[in-house]
Structures are given as C-alpha cells and as structure tokens.
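The values are calculated or read from the model by the stated rules, or taken from the named source; none is laboratory data. All figures in this text were calculated on a predicted structure; none of them were measured in a lab. All Cβ positions, even for glycine, are placed from backbone atoms using ideal geometry, and neighbour counts span all protein chains on display. The protein model used for the area step is the full one, side chains on, heavy atoms only, and it has no ligands, DNA or RNA in it. Shrake-Rupley method; radii C 1.70, N 1.55, O 1.52, S 1.80 Å.
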Amino acid sequence: MIQNIISLCETGSCRSNNQDAVFVAKIERAGLFAVADGMGGHYKGELASQTAVSLLAKWWKEIQGCIVSMTFEDVVAALEKKVRDINRDIYQMYYELKQFGGTTLCLLLIHKDTYAVINVGDSRLYQCQGWTCRLMTTDDVWKNLQGSSSEGGLTQALGAQESLAVHVFTGMIKKKTYFFLCSDGIYKYCEEQYLFSKLRCLMWRKGTLVAGEIRKRVYKNGARDNLSMIFVRVDAEKD
C-alpha cells in the first residue's frame with residue numbers, strides 16, 4: 001500500500017524558468033508518479049515536459065477506475081504504449097513548430113504488490129529497502145553507449161525522435177520500500193554518497209526532513225539547474 005508521498009519541483013538558483021514537471025496520482029492499491037525534465041538548450045523544453053505530464057494525467061484519469069481489476073502485465077503494456085504515443089505526439093508538435101526539443105521521462109507505476117519503472121533520458125529512480133539503496137534506471141547518455149568515449153549529452157529523449165527505446169523494469173514489493181525519483185538537477189548537485197546516506201535515513205526519519213536536507217544540499221552546491229524529486233513509500237500488502 002502507498003503510505004506516503006512527497007514531491008518538489010523548483011526552478012533553482014540560476015535558471016529563469018522551470019523546464020521540469022512532476023506528476024503524482026494514487027488511488028487505493030495503485031499509483032503513478034513521474035518526473036520529466038525538458039531538454040535545455042533547445043526550443044521550450046518546458047513545452048515537452050508539461051505536455052508529457054498532461055497526457056499522462058489524462059491517461060490516468062481514463063484508466064484509474066479499472067486499473068486494480070486489470071492484470072499487472074496489461075497495465076504495464078498499456079503504460080508503455082502510452083509513453084510511445086506521447087513520444088509521437090510531442091515529436092509531431094515540434095515538427096509542426098519547425099523546432100527541435102524533447103524531455104526526459106521517469107515513471108513509477110505501483111499496482112498492488114508490484115511495480116514498474118519506465119524511463120527515457122537521464123532522470124532517475126532509486127530504490128531503498130533498509131540499508132540497501134540502488135539506482136534502478138539507466139541514463140540515456142553517450143558515455144553509457146558501448147565503445148563511446150563521449151561524456152554527457154542525451155542519446156534519446158521523449159519527443160526528440162520518431163522511434164524510442166523505452167527502458168522497462170518490474171519487480172515485487174515484499175517489504176517496506178522507498179522509491180526516489182529525481183531530475184539531474186538533484187543528483188548532479190548532490191554527491192551519490194551523501195544521497196544514499198540520506199535515503200537510508202528514511203528507515204527512521206520523516207521523509208519531509210530527508211527531502212528538505214537533500215534540497216538544502218543541492219542549493220548549497222549552486223542549484224544551477226531546475227530540481228525535481230518525488231519520494232514514495234510503499235508497504236507490502238497483508239495477505
């Protein structure tokens with residue numbers, strides 16, 4: 001069961017506008033959470049991120065009434081299809097504007113005692129169970145391509161191309177689990193060792209305090225990008 005949700009989406013110290021967008025929605029025994037980060041340096045990244053979140057919200061409104069009665073596999077397939085549809089919609093929008101742009105998208109779907117993670121780009125999701133914290137998403141950046149010596153730079157983003165390679169990861173929730181979604185404006189200005197230490201604190205500290213400390217660290221390190229994060233606590237359902 002989804003027990004607690006904390007979300008934050010801010011412009012940061014150096015940007016004049018916020019190209020990030022977040023989405024948080026839940027009903028009993030199901031939820032959908034998303035972080036989208038519009039591509040900087042291109043045409044109106046906020047247009048892509050806000051469009052992605054708006055279309056996800058519309059999809060959730062349509063499916064939430066029957067989602068619990070659906071099989072997990074069917075829900076994940078429907079969500080993956082929606083992500084691909086959103087990609088085509090955003091691509092077509094920029095094509096008609098004769099511009100280039102796009103957005104990252106990191107999604108967490110909770111369905112009873114199961115979860116799915118879908119991501120495109122370099123927004124991230126971390127999972128924390130007890131002392132064990134791990135990064136569950138793969139950044140779509142040049143340095144992660146086999147044989148590439150380039151650093152940084154997205155290899156794909158939602159809406160930037162007609163075809164899309166979507167990363168999908170699924171699993172079971174067997175005990176209390178914390179999920180942490182964030183844009184690169186968080187993890188690039190918050191050392192991984194510090195971030196993991198704070199996520200482990202969720203075992204005994206309130207999520208609002210942990211989120212506040214991470215935010216404070218990002219601003220201390222300059223907050224030169226927009227910053228977004230979502231904490232979700234999920235407990236395994238009782239038999």
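Mind checking which of 87, 226, 17 has the largest fluctuation in a GNM of the chain, springs on alpha carbons under 10 Å?
Judging by the Gaussian network model, the answer is 17.
Scan region 173-213 for GluC sites (Glu not before Pro) in coil per DSSP, keeping those whose Cβ has at most 14 other Cβ atoms within 10 Å, and list them by number. Don't jump to the answer; show the numbers that get you there.
Numbers: sites: 191, 192, 213; in loops: 191.
Filter output for region 173-213: 191.
Considering only 199, 154, 181, give the residue with the highest GNM mean-square fluctuation for the chain, with springs between Cα atoms whenever their separation is below 10 Å.
154
Leaving ligands, DNA and RNA out of it, work out the accessible area of residue 178 with a 1.4 Å probe and give it in Å² to the nearest 10.
Approximately 30 Å² for this residue.
Which value, in Å² and to the nearest 10, is the accessible area of residue 189 when all protein chains are kept and the probe is 1.4 Å?
Rounded to the nearest 10, that gives 40 Å².
Could you work out how far apart the two model spin labels at residue 64 and residue 138 are, taking each label as a point 7 Å from the Cα in the direction of the beta carbon, and quote it in nm?
3.3 nm
How much length, in nm to one decimal, is gained on full extension between residue 220 and residue 98, taken as 0.36 nm per residue of separation minus their Cα-Cα distance?
Length difference between fully extended and current span is 40.0 nm.
Hey, what number do you get for the chain at 222 nm if only DSSP H runs of n ≥ 4 count, each worth -39500 (n - 2.57), divided across all residues, to the nearest 500?
Calculated at 222 nm, the ellipticity per residue is -10000 deg cm²/dmol.
Enter the Cα centre distance for the pair region 190-239 and region 1-44, rounded to the nearest angstrom.
14 Å
Averaged per residue, what accessible surface does region 97-239 expose to a 1.4 Å probe, in Å²?
In whole numbers, region 97-239 has 46 Å² accessible per residue.
In whole percent, what relative contact order does the chain give with Cα contacts below 8 Å and a gap of six or more residues?
Averaging sequence separation for qualifying contacts and normalising by length gives 28 percent for the chain.
Working from the alpha-carbon coordinates of region 13-165, get Rg over Rh, Rh being the Kirkwood radius. Could you put the intermediate results ahead of the total?
Values: Rg = 16.0 Å, Rh = 16.3 Å.
The Rg/Rh ratio comes out at 0.98.
Counting only protein heavy atoms, what percent of the accessible surface of the chain is carbon or sulfur at a 1.4 Å probe? List each step's numbers first, then the result.
Working: 5450 of 11330 Å².
That fraction is 48 percent.
Leaving ligands, DNA and RNA out of it, work out the accessible area of residue 206 with a 1.4 Å probe and give it in Å² to the nearest 10.
Counting only protein heavy atoms, the figure is 140 Å².
Let's test the formula: R0 of 22 Å, r as the Cβ-Cβ distance of residue 11 and residue 167. What FRET efficiency results, to the nearest 0.05?
So, using R0 = 22 Å, E works out to roughly 0.20.
Within region 1-50, report the chymotrypsin sites (Phe, Trp or Tyr not before Pro) that DSSP leaves as loop and that have at most 15 other Cβ atoms within 10 Å. Provide the component values of the computation, followed by the final result.
Working: sites: 23, 33, 43; in loops: 43.
When the chymotrypsin sites (Phe, Trp or Tyr not before Pro) of region 1-50 are filtered for loop state and at most 15 Cβ neighbours within 10 Å, 43 remain.
Enumerate cysteines in the chain without a disulfide-compatible partner, where compatibility requires another Cys Cβ under 4.7 angstrom.
9, 14, 66, 106, 182, 190, 201
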